[in-house]
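Everything on this sheet refers to the single structure shown next.
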Amino acid sequence: MLKDHPTNHLTKQELASLQRCVDYTSLQSLPEIWPLAAQRFGKIIALKDPHAVGAYDTAPVSFTYTELYEQIQQFAAGLQAIGFEPELDETGIPQRIALFADNNPRWLIADQGIMTAGAANVVRSSQAEREELLYILRDSGSIGLVVENLNTLKKLQEGLAGLPLEWVVLLSEEEPPAGETWNIVNYNQLLLAGASHQLTTFTQNKETLATLIYTSGTTGKPKGVMLTHGNLMHQVTTFGAAFVPEPGDRILSILPTWHSYERAAEYFLLSQGCTQIYTNQRNFKKDFSQFQPHLMVGVPRLWEVIYEGVQKQFRDQPASKQRLVQNLLAISQNYIEAKRIVQDLSLDQLSPSFLQRLVASLQAAALWPIHKLADKLVYQKVRQATGGQIKHVISGGGSLARHIDRFFEIVGIEILVGYGLTETSPVTNVRRPWSNLRGSSGPPMPQTEVKIVDPETHHSLPQGERGLVMVRGPQVMQGYYNKPEATAKVINAEGWFDTGDLGCLTPQNHLVITGRAKDTIVLSNGENIEPQPIEDACVRSAYIDQIMLVGQDQKALGALIVPNLDTLQQWATSQNLHLDVPESDPSQPTADFRKAINLESKEIQDLFRQELNREVKNRPGYRPDDRISQIKLILEPFSIDNGMMTRTLKIRRPVVTEHYRDIINGMFA
């Protein structure tokens with residue numbers, strides 16, 4: 001048991017946590033998980049899609065672990081029945097099959113069915129741009145294509161000529177079009193073919209390519225990240241060092257299922273017998289109440305949306321109740337900050353002295369009764385809004401603003417923040433429940449090394465100094481597909497991967513991310529500004545929904561701001577200003593809308609400058625160069641639909657900068 005783990009580097013808590021998990025360390029590949037999971041968890045529901053009405057013959061859709069394994073096997077046999085032959089290509093890696101689809105149970109069946117058949121899959125959202133999908137097909141050399149539905153196929157159809165595709169599978173039950181060059185079958189037809197076909201097994205080991213995940217391509221063409229079975233199995237076998245789910249625990253799944261973060265988390269959680277329930281942005285608030293999840297994997301933007309929803313409910317209360325809530329929150333904040341010092345979990349006061357601990361202990365004891373009263377009056381209701389059963393939520397895919405982190409700690413919902421990239425499968429670090437250092441991304445995963453180096457010389461830096469984050473471990477990718485030069489730029493001869501992120505390590509080896517090297521804004525005075533921490537501070541303001549700092553080579557920082565129209569209108573009413581915001585889509589504002597809201601008015605501009613000045617100056621580590629001197633309020637939110645956010649809800653800075661190039665230039669004219 002756990003013989004592959006370097007137990008000499010594990011804490012007692014990590015080792016105990018791992019020993020409570022179902023052990024898969026002897027396995028060589030992902031498909032080996034499912035027969036064992038079916039044997040152990042057979043009748044437990046593995047996948048449930050309550051929103052699948054109209055997508056399949058029957059809805060809602062659910063699969064037990066036994067049914068999941070059977071369908072994976074039939075899907076794999078079906079691929080071989082329609083002509084796929086498992087073999088290595090001339091470069092010595094498995095044949096590739098593209099999978100362009102989005103969140104639903106059939107995605108996982110197709111994903112694991114492709115691997116079980118002996119292929120590596122090439123994954124991307126069906127909603128991605130047509131040219132991006134066609135580029136991925138060409139670059140990967142995929143010989144087969146699995147798509148969500150006929151609409152996805154039709155979007156690609158004219159660009160498929162000349163590609164080495166041999167057949168297409170629809171994950172829907174739509175009737176395949178006749179007269180096509182390729183053999184096209186739908187989901188049911190494929191399973192039917194697989195039911196009567198003997199599956200040919202293909203030997204896979206930890207070095208075998210499992211998947212190509214293409215980077216978002218915000219700067220240049222996307223690159224295919226080569227992840228092996230060993231890369232992904234590392235995540236399955238080490239996630240348990242951070243937390244242990246129980247069989248039957250309910251997970252609410254909202255992130256893109258093809259993304260490395262959601263995908264690795266799903267593999268681990270399903271390997272432990274959890275029940276995954278699919279939700280979406282339209283339904284997730286309702287699904288919290290209906291399904292009462294125990295776990296959820298999300299990105300910072302999701303927790304921000306939940307936080308803002310709670311804050312809106314607070315603001316809708318009478319003034320006297322608002323004051324009470326704010327006072328209780330302030331007292332609870334003092335309580336948890338004192339408690340952190342006592343537990344040696346304060347990022348602002350690392351390694352406190354005996355006297356500091358004693359003072360903090362007395363303060364925490366004095367504030368505890370009021371905090372418990374606040375919990376009964378207020379925080380318990382917040383937890384109920386998320387179903388009341390949450391054990392942990394896992395946050396990754398970007399930095400979590402400290403006020404969001406603190407708020408969820410106050411209300412009793414524990415967020416375990418992690419860190420990693422697609423190239424690292426993705427998790428390299430994650431916070432532990434027993435050592436949850438807020439503001440950090442936690443200690444490394446088992447078998448994982450992290451070091452901080454000087455960005456210019458790459459010489460190692462002392463503990464506590466900020467520099468470039470380098471990572472080494474079994475989860476680091478094989479490389480970029482067909483791009484050896486790009487691979488050599490990020491993985492050195494000793495196997496260290498250059499993350500491109502800036503950070504430092506605490507005395508307890510917790511990683512603190514401070515920014516992205518490529519996002520650094522260099523002012524004309526030579527000062528380097530990391531935008532993310534300042535942006536995180538600014539969105540504390542109830543009037544700011546989204547913000548992106550600009551100012552490269554300028555004297556001072558500027559900001560593009562998407563205002564929160566609800567709170568802005570409430571403020572205008574309190575100031576006796578006419579701000580009659582019509583019912584309209586802010587992403588397509590009419591002339592009347594712009595005239596009514598008048599974002600350029602002196603009153604509104606002054607309001608936002610005051611908000612920015614307060615939040616920026618209150619930020620720990622404030623410097624005069626952090627001051628934001630120029631602002632531009634914009635009505636169109638950054639979103640996936642307009643291409644300004646990634647599928648994991650991170651702002652695409654180069655895209656936003658290019659879109660608003662004239663406005664940004666005008667700000668500094």
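The values are calculated or read from the model by the stated rules, or taken from the named source; none is laboratory data. Note that the coordinates shown come from a computational prediction; the quantities given were computed from them, not determined experimentally. Because the Cβ atoms are built from the backbone with ideal geometry, glycine has one as well, and the counts that use them run over all protein chains shown.
Just a few scattered comments:
- Residue 270 being assigned to a helix (DSSP H, G or I) and either polar (S, T, N, Q) or within 19 Å of residue 102 (Cα to Cα) (or both): yes
- Qualifying residue in segment 428-438 (condition: crowded, with 18+ Cβ neighbours inside 10 Å and under 19 Å from residue 306 (Cα atoms)): yes
- Qualifying residue in segment 174-183 (condition: hydroxyl-bearing (Ser, Thr, Tyr) and touching a residue at least 40 places away in the same chain (Cβ under 8 Å)): no
- Residue match in segment 573-594 (condition: at pLDDT below 90, of a type in the set (Lys, Arg) and either more than 26 Å from residue 305 (Cα to Cα) or in contact with a Pro (Cβ under 8 Å, 6 or more places away or on another chain) (or both)): no
- The residue that is modelled with the lowest pLDDT, counting only those in segment 447-468 that are within 15 Å of residue 490 (Cβ to Cβ) and in contact with a helix residue (DSSP H, G or I) (Cβ under 9 Å, 6 or more places away or on another chain), is 455.
- Top-ranked residue in segment 437-477 [being assigned to a loop (DSSP other than H, G, I, E, B) and β-branched (Val, Ile, Thr); ranked as farthest from residue 15 (Cα to Cα)]: 457
- Candidates are the residues of segment 19-64 that are among the aliphatic types (A, V, I, L, M) and modelled with pLDDT under 95; the one that is nearest to the chain's Cα centre (by Cα) is 52.
- Of the set (1) touching a His at 6+ places or on another chain (Cβ under 6 Å); (2) in a helix (DSSP H, G or I), all apply to residue 356 but (1).
Each row is one residue, and each column tells you yes or no for (1) modelled with pLDDT of 95 or more; (2) closer than 21 Å to residue 311 by Cα; (3) assigned to a helix (DSSP H, G or I); (4) not charged (D, E, K, R).
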{"position": "366", "(1), (2), (3), (4)": "yes, no, yes, yes"}
{"position": "373", "(1), (2), (3), (4)": "yes, yes, yes, yes"}
{"position": "377", "(1), (2), (3), (4)": "yes, yes, yes, yes"}
{"position": "383", "(1), (2), (3), (4)": "yes, yes, yes, no"}
{"position": "400", "(1), (2), (3), (4)": "no, yes, no, yes"}
{"position": "408", "(1), (2), (3), (4)": "yes, yes, yes, yes"}
{"position": "413", "(1), (2), (3), (4)": "yes, yes, no, yes"}
{"position": "418", "(1), (2), (3), (4)": "yes, no, no, yes"}
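- Checked against (1) touching a Leu at 6+ places or on another chain (Cβ under 7 Å); (2) surrounded by 14 or more Cβ atoms within 10 Å (Cβ to Cβ); (3) assigned by TED's automatic domain parsing to the domain that holds residue 417, residue 497 meets all criteria but (1).
- Tally, over segment 274-295, of residues that are of a type in the set (S, T, N, Q), more than 18 Å from residue 256 (Cβ to Cβ) and assigned to a loop (DSSP other than H, G, I, E, B): 1
- The residues listed here are 71, 112, 80; of these, the one that is touching a residue at least 24 places away in the same chain (Cβ under 8 Å), under 26 Å from the mean Cα position of the chain (by Cα) and not in a loop (DSSP other than H, G, I, E, B) is 112.
- Helices (runs of 4 or more DSSP H) contained in segment 478-583 and holding at least 2 residues without any contact (Cβ under 8 Å) to a residue 24 or more places away in the chain, farther than 30 Å from residue 458 by Cβ and out of contact with any helix residue (DSSP H, G or I) (no Cβ under 6 Å at 6 or more places or on another chain): 565-574
- Scanning segment 632-665 for residues that are farther than 23 Å from residue 305 by Cα and either surrounded by 16 or more Cβ atoms within 10 Å (Cβ to Cβ) or of a type outside the set (Asp, Glu) (or both) returns 654, 657, 659, 660, 661, 663, 664, 665.
- Any hit, segment 94-110, residues being at pLDDT 95 or above, in contact with an Asp or Glu (Cβ under 9 Å, 6 or more places away or on another chain) and β-branched (Val, Ile, Thr): no
- Scanning segment 313-345 for residues that are under 25 Å from residue 392 (Cβ atoms), of a type in the set (Lys, Arg) and in contact (Cβ under 8 Å) with a residue 60 or more places away in the chain yields one hit, 340.
- Meets criteria (in a loop (DSSP other than H, G, I, E, B), surrounded by 15 or more Cβ atoms within 10 Å (Cβ to Cβ) and assigned by TED's automatic domain parsing to the domain that holds residue 414) for residue 347: yes
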